[in-house]
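These notes are about the structure you will find just below.
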Amino acid sequence: MNVQFKKGVLELCVLVLLDKQDRYGYELVQKISDQIAISEGSVYPLLRRLTKEGYFTTYLKESSEGPSRKYYALTEEGRTYLGDLLTDWEKFTNGVNQLIKEGVRDE
Amino acid sequence: MNKEQFLAKMNDALKRLPSTEREDILQDFREHFEVGLSEGNSEEEIAKGLGSPHQIAKEMVASYRLEQVEESASTGNVLRAVWAVIGLGFFNLVIVLGPFVALAGIVFSGWAAGLGFILTPILYLLNVVIYPEIFAWFDLFFALFLSGLGIFIAIGMFYVTRWLFKGFVKYLNFNVRMVKGGMKHA
């Protein structure tokens, strides 16, 4: 899949994963790379940027195994942003799917 | 590449960032390695999954430079941000440097024209001092007219510069978001 494509969608993936629960970095990276082939390291610049833009807050939590982990939590602002992105995404994918369906039928 | 090598490479690539910022970034990767190890992966596997520390660091630096521009839009900060975004990949050399040189050209020539026009009466009078015989009222008034025009151009350029600058910073932000960034099968 096209690289630019994936990078734009990565933001949406991270936001979606944090919608229901707070997660730590490694967990987010694993969840995404289970589904999409990415260089795992590229998630961290994204997490950092979204945190600085106020979409996430972070906190440290002790873990039963090993040192404490940095958890990411969605802010209200982040939730609104996720809503906007999801709406855009649905419109976009519906449009593309429609075109694909029509294209395939014509052939 | 093991954990130490990965972190050392990253630290090296981040050395121009302030130490608090750098330490914060490195800490996230230390944690990533620790969690990965506790789940039974080897340091080498984890490092391989993360991808190039150099590329990740470049992206971190570019984001940081753009934040700096948003804090203080000095020429130095803008140039550093442009440089960092260009460094993200060869592709950016074309799509960032090209527009940047073009915009810088427009801004420079606009200001040069405005200032040149504003200075016309002074230059004209200087000329008259040296060669008094060429003095003509029409020329003086025309020079004053150009000076007025120059003031309008300068005021216009003030807004154009600010507007172009904001637009370009947005474009840089878009670049950091969308272009390259250590994806597999790039």
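The values are calculated or read from the model by the stated rules, or taken from the named source; none is laboratory data. On a predicted model such as this, the values are computed, not experimentally measured, just so you know. All Cβ positions, even for glycine, are placed from backbone atoms using ideal geometry, and neighbour counts span all protein chains on display. Surface areas here come from the heavy atoms of the whole protein model, side chains and all, with no ligands, DNA or RNA. Shrake-Rupley method; radii C 1.70, N 1.55, O 1.52, S 1.80 Å.
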Give the carbon-plus-sulfur fraction of the accessible surface of region A:3-106 in %, rounded to a whole number; probe 1.4 Å, heavy atoms of protein chains only. 52
Quick check on chain A: helices-only [θ] at 222 nm, where DSSP H runs of length 4 and up contribute -39,500 (n - 2.57) each and the sum goes over total residues. Nearest 500, please. -22000 deg cm²/dmol
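Please report the relative contact order for chain A, taking Cα pairs under 8 Å with a sequence separation of at least 6, and give it as a percent rounded to a whole number. Kindly include the intermediate steps, with their values, before the conclusion.
Details: 80 pairs, mean separation 29.3, N = 107.
That works out to 27 percent.
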Where in region A:33-65 does the amide nitrogen come within less than 14 Å of the point 7 Å from the Cα of B:SER38, taken along Cα to Cβ? A:60-65
Tell me, what % of the accessible area of chain B is carbon and sulfur with a 1.4 angstrom probe? 69
Accessible area (Å², per residue) of chain A, counting only protein heavy atoms and a probe of 1.4 Å: 56
Which pairs break 24 Å Cα to Cα here: A:LYS61/B:LYS48; A:LYS6/A:LYS31; B:LYS58/B:LYS170? A:LYS61/B:LYS48
Determine, for each peptide in B:83-91, B:110-118, B:13-21, the mean count of other beta carbons within 10 angstrom over its residues, then list the peptides with the highest first. B:83-91, B:110-118, B:13-21
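From the protein chains alone at 1.4 Å, what is the descending order of accessible area for A:ASP22, A:ASP84, B:ASP28, largest first? Could the numbers behind the result be given before it?
Details: A:ASP22 55, A:ASP84 90, B:ASP28 15 Å².
Ranking A:ASP22, A:ASP84, B:ASP28 by accessible area, largest first, yields A:ASP84, A:ASP22, B:ASP28.
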What does the buried accessible surface come to for A and B, summed over both chains, with the probe at 1.4 Å? Round to 100 Å². 2900
Going toward the positive end of the dipole of the protein assembly as shown, with +1 on Lys and Arg Cβ and -1 on Asp and Glu Cβ, which of A:SER64, A:LEU12, B:ILE106 do you reach last? B:ILE106
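What are the membrane-span-like helices in chain A by this rule: whole DSSP H runs, Cα extent along the axis at least 27 Å, mean Kyte-Doolittle hydropathy at least 0.5?
Values: long enough: A:3-20 (28 Å, 1.03); A:76-106 (45 Å, -0.86).
Those that pass (Cα extent of 27 Å or more, hydropathy at least 0.5) are A:3-20.
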Between helix B:75-86 and chain B: long-axis angle, C-alpha atoms, 0 to 90°, nearest 10: 50
Provide a list, ordered by number, of residues in region A:10-51 showing at least 30 Å² less accessible area with every protein chain present than when their chain is taken on its own, using a 1.4 Å probe. A:TYR26, A:ALA37, A:ILE38, A:SER39, A:GLU40, A:GLY41, A:SER42, A:TYR44, A:PRO45, A:ARG48, A:ARG49
Using the crude model of +1 on Lys and Arg Cβ and -1 on Asp and Glu Cβ, and no other charge, please compute the dipole size for chain B relative to its Cα centre, in debye to 20. 460
Quote the accessible area belonging to A:ARG49 in square angstrom, nearest 10, computed with a 1.4 Å probe and with ligands, DNA and RNA left uncounted. 30
